Amino acid sequence: MKISIGYPPRFAEKEILKGGSKREELHEIKPFLSKDELISIQKEVKEVYLSDKIIDYILDIIEATRKNKYLYAGLSTRGALAIVATAKANAYLNKRDYVIPEDIKELAEFVITHRVIFKEEYEGNKREIIKSLVESIKTPV
């Protein structure tokens with residue numbers, strides 16, 4: 001998954017420059033989950049149900065990336081597994097034990113965009129292309 005946070009606003013960057021590096025403070029951060037709690041959550045996320053309709057929906061998205069006129073190369077099987085993992089995590093975070101199409105749609109641009117190869121002339125519109133591609137796929141009911 002790729003998420004860009006961009007540059008800080010000028011006032012925030014000014015404060016950073018005034019205060020210097022705060023890297024040492026990172027070592028003082030206390031965890032809010034234990035290792036065992038995190039492992040337990042990871043196991044619960046893996047158990048989130050993925051119906052055949054949702055798997056077919058993901059396969060339709062993958063196929064669309066592989067046949068898309070804006071792309072040289074579409075999603076790999078590993079990229080498809082990333083969609084599954086993030087969709088399950090999204091469902092879990094939304095307190096569901098099953099995946100719905102919205103779990104995929106909400107994160108598609110962050111999961112797919114850096115996993116496909118765009119034709120040079122479309123490099124500037126990556127996120128919009130992926131959003132449009134996903135929206136063009138018939139949503140299962």
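The values are calculated or read from the model by the stated rules, or taken from the named source; none is laboratory data. In this text, all values refer to a predicted model and were calculated from it rather than measured experimentally. All Cβ positions, glycine included, derive from the backbone under ideal geometry; neighbour counts span all protein chains shown.
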**Message:** Checking E106 against (1) within 20 Å of E63 (Cβ to Cβ); (2) surrounded by fewer than 18 Cβ atoms within 10 Å (Cβ to Cβ); (3) modelled with pLDDT of 90 or more, only one condition comes out false. Which one?
**Reply:** (1)
**Prompt:** If you scan region 111-130, which residues turn out to be under 15 Å from the mean Cα position of the chain (by Cα) and surrounded by 16 or more Cβ atoms within 10 Å (Cβ to Cβ)?
**Reply:** V111, I112, T113, R115, V116, K126, I130
**Asked** Which one is surrounded by the fewest Cβ atoms within 10 Å (Cβ to Cβ) among residues in region 62-87 that are of a type in the set (V, I, T) and under 18 Å from S136 (Cα atoms)?
**Response** I62
**Message:** Among the residues in region 90-97, are any of a type in the set (G, A, S), under 13 Å from the mean Cα position of the chain (by Cα), surrounded by 12 or more Cβ atoms within 10 Å (Cβ to Cβ) and at pLDDT below 95?
**Reply:** no
**Request:** Please give the helices (runs of 4 or more DSSP H) falling wholly within region 10-78 in which 2 or more residues are under 30 Å from R115 (Cβ atoms), touching a Phe, Trp or Tyr at 6+ places or on another chain (Cβ under 7 Å) and touching a residue at least 24 places away in the same chain (Cβ under 8 Å).
**Result:** 35-46
**Message:** I'm trying to understand the selection: among the residues of region 43-61, which are among the hydrophobic types (A, V, I, L, M, F, W, C) and surrounded by fewer than 20 Cβ atoms within 10 Å (Cβ to Cβ)?
**Reply:** V45, V48, L50, I55, L59
**Asked** Does K126 satisfy the criteria of being basic (K, R), assigned to a helix (DSSP H, G or I) and closer than 21 Å to M1 by Cβ?
**Response** yes
**Complete:** Residues in region 79-123 that are assigned to a helix (DSSP H, G or I), of a type in the set (D, E, K, R) and over 20 Å from E44 (Cα atoms) total 7
